[in-house]
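Each remark here refers to the structure printed beneath this line.
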Amino acid sequence: MISQLLGVPPGPVSLSDLDPSGTPGFDGGKSEGKQALADLAEPLSDLQERLFAAGRAGDDERRVLLVLQGMDTSGKGGVMRHAVGLFDPQGVRIKAFKAPTEEERAHDFLWRIERELPEAGTIGIFDRSHYEDVLIGRVRGLADEDEIERRYAAINDFEQRVVDGGTTVVKCMLHISAGEQQARLLERLDNPEKHWKYNPGDVDERALWHDYQRAYEIALERCNTEAAPWHVVPADRKWYRNWAVATLLHETLAGFDLGWPAADFDVETERKRLLALEV
């Protein structure tokens, strides 16, 4: 299973030991990978509809939360378009977290996160998340060491509570290499059609590459729990990244063994009423 291949084992994490251009669980190349992703569209759609129907019927509290984290250009937007894009939009709720507002800063860091959790029967997507508060918070010194330590424990408690409430949390760190990030940033500069995607601040963040890598390693180690395990998805190959995340979602939904909600009305009676009605 892809979840086992990409899952982070317990203990210390070294991202330098994980190949960002690898393709665990897939033996083919780019064209085969794109086709494999396309082949997931129908089964994903079927499973999502079953989940949505169960939630609407009120007989199932299950839901899914996909947490996407990664350095700039690692492909969170690409995953949205190509993997999450396979779902019916009505059953998906996407939230891209930016820098907290003044109102959000007045509350605990998890306050704004909890407000965006998915409803029963839906799939929630966090483009960045509560992990920013122990990543950029650590690297940029936005909180002191004691507060950062408190946040790791708070995240674990929060995620356990969310899981206990019926949410399956799928956490993916999109693992890109420094060389590939540079190439993608240069591509944005070289193509006027992509200038809108370029942010000069990305270079400032890139200067802190090693600090961010260490911050990710600590977060992956400290918040890799049985309830909400981490997955490191190699992201240098866009086609593999998209297939891997879609496959993780498919494994998650297939594991629910979802049926269809039973009718809360008499089917034969309704059939007779419908056939007898002339309009």
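The values are calculated or read from the model by the stated rules, or taken from the named source; none is laboratory data. Since the model is a prediction, treat every value here as computed from it, not as a measurement. For neighbour counting, all protein chains shown are included, and Cβ atoms are generated from backbone atoms with ideal geometry for every residue, glycine included. Protein only, heavy atoms only, side chains kept; ligands, DNA and RNA dropped before computing areas. Shrake-Rupley method; radii C 1.70, N 1.55, O 1.52, S 1.80 Å.
Quick look at the values:
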item	result
Any pair with Cβ under 7 angstrom, 6 or more apart, that starts in the range 210-237 at a residue that is under 19 Å from K76 (Cα atoms) and ends at one that is among the charged types (D, E, K, R) and open to solvent by 30 Å² or more (accessible area, probe 1.4 Å)	A215/R138; P234/D19; D236/E180
Residue ID - nearest to the chain's Cα centre (by Cα), chosen from residues in the range 141-163 that are in contact (Cβ under 8 Å) with a residue 60 or more places away in the chain and open to solvent by 30 Å² or more (accessible area, probe 1.4 Å)	V163
Residue selected from the range 222-279 under the condition of a type in the set (S, T, Y) and surrounded by 10 or more Cβ atoms within 10 Å (Cβ to Cβ), by the criterion nearest to A178 (Cα to Cα)	Y240
Matching option when the condition is in contact (Cβ under 8 Å) with a residue 12 or more places away in the chain and among the small types (G, A, S), among A207, A183, A246, A263	A246
Among the candidates Q48, Q35, Q4, residue that is outside any loop (DSSP other than H, G, I, E, B), of a type outside the set (S, T, Y) and closer than 16 Å to N242 by Cα	Q35
Residue within the range 120-143 that is of a type in the set (G, A, S), touching a strand residue (DSSP E or B) at 6+ places or on another chain (Cβ under 8 Å) and more than 30 Å from P261 (Cα to Cα) present	yes
Test: L66 is in contact (Cβ under 8 Å) with a residue 40 or more places away in the chain and assigned to a strand (DSSP E or B)	yes
Any hit, the range 42-51, residues being under 14 Å from the mean Cα position of the chain (by Cα), open to solvent by less than 30 Å² (accessible area, probe 1.4 Å) and either small (G, A, S) or at negative phi (or both)	no
Checking G33 against (1) under 24 Å from V163 (Cα atoms); (2) modelled with pLDDT of 95 or more, the condition it does not meet	(1)
Selected residue (criterion: most open to solvent (accessible area, probe 1.4 Å)) from residues of the range 69-105 that are in contact (Cβ under 8 Å) with a residue 24 or more places away in the chain, more than 17 Å from R128 (Cα to Cα) and under 16 Å from the mean Cα position of the chain (by Cα)	H82
Counted residues, the range 164-199 - those being part of a helix (DSSP H, G or I) and open to solvent by 20 Å² or more (accessible area, probe 1.4 Å)	17
Yes/no for E116 being over 17 Å from the mean Cα position of the chain (by Cα) and either of a type in the set (D, E) or surrounded by 17 or more Cβ atoms within 10 Å (Cβ to Cβ) (or both)	no
Cβ pairs under 8 Å, 6+ apart, first in the range 20-35 and of a type outside the set (S, T, Y) and open to solvent by less than 50 Å² (accessible area, probe 1.4 Å), second in a loop (DSSP other than H, G, I, E, B) and modelled with pLDDT of 95 or more	P20/I176; P20/S177; P20/A235; P20/D236; G33/T23; G33/F26; G33/R237
